[in-house]
Amino acid sequence: MDNQFTLHCINWQAGAPLLLEIRLAACEIGLLSLEELLPDEMDDRSRHALVLSKTGRAIGCARLTPKGNIERLAVLPHEQRSQIEAAMIEALNIYARENKLAKNSAIKVKQKSQPSRLAA
């Protein structure tokens, strides 16, 4: 099956409107908390993964902090949800290794328990 999405690793300034759009949608369905929705000082210092559907709709996001933590990981209901999550984590891990953000590839994924995250 061909990917039905594209993944972009970007800085906050390049993607803020779409990153906020996906965070808001994720917050509305319980994938992110209100605190995780709102931009903070770490956003400007982090690298962000942004996933777009083949129609251009923002459907996933995550951020990689300067300390090598992957945070604010959220994927809206989509038939390729697990592939999207894996692709974001892999892309951010590669970025972290290439930019020496984490020693020994010790990337930590910080994700709250999300019981509502069922495949669509």
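Read-outs: derived from the displayed coordinates by stated rules, not from any lab. Predicted model only: the values in this text are computed from it and were never measured. Virtual Cβ from ideal backbone geometry, glycine too; neighbours counted across all protein chains shown.
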Residues of region 4-25 with the amide nitrogen closer than 19 Å to a label point 7 Å from the Cα of ASP44, along Cα-to-Cβ, please.
10-20
Using each residue's phi in region 77-87, evaluate 6.51 cos²θ - 1.76 cosθ + 1.60 at θ = phi - 60° and report the 3J(HN,Hα) Karplus result to the nearest Hz, with x for Gly and Pro.
x, 7, 5, 10, 3, 5, 5, 5, 4, 4, 5
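Restricting things to Cα coordinates, could you compute the convex hull volume per residue of region 5-109 in Å³?
89 Å³
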Quote to one decimal, in nm, the extra length available between ALA14 and SER53 on full extension: 0.36 nm per residue of separation minus the C-alpha distance between them.
12.2 nm
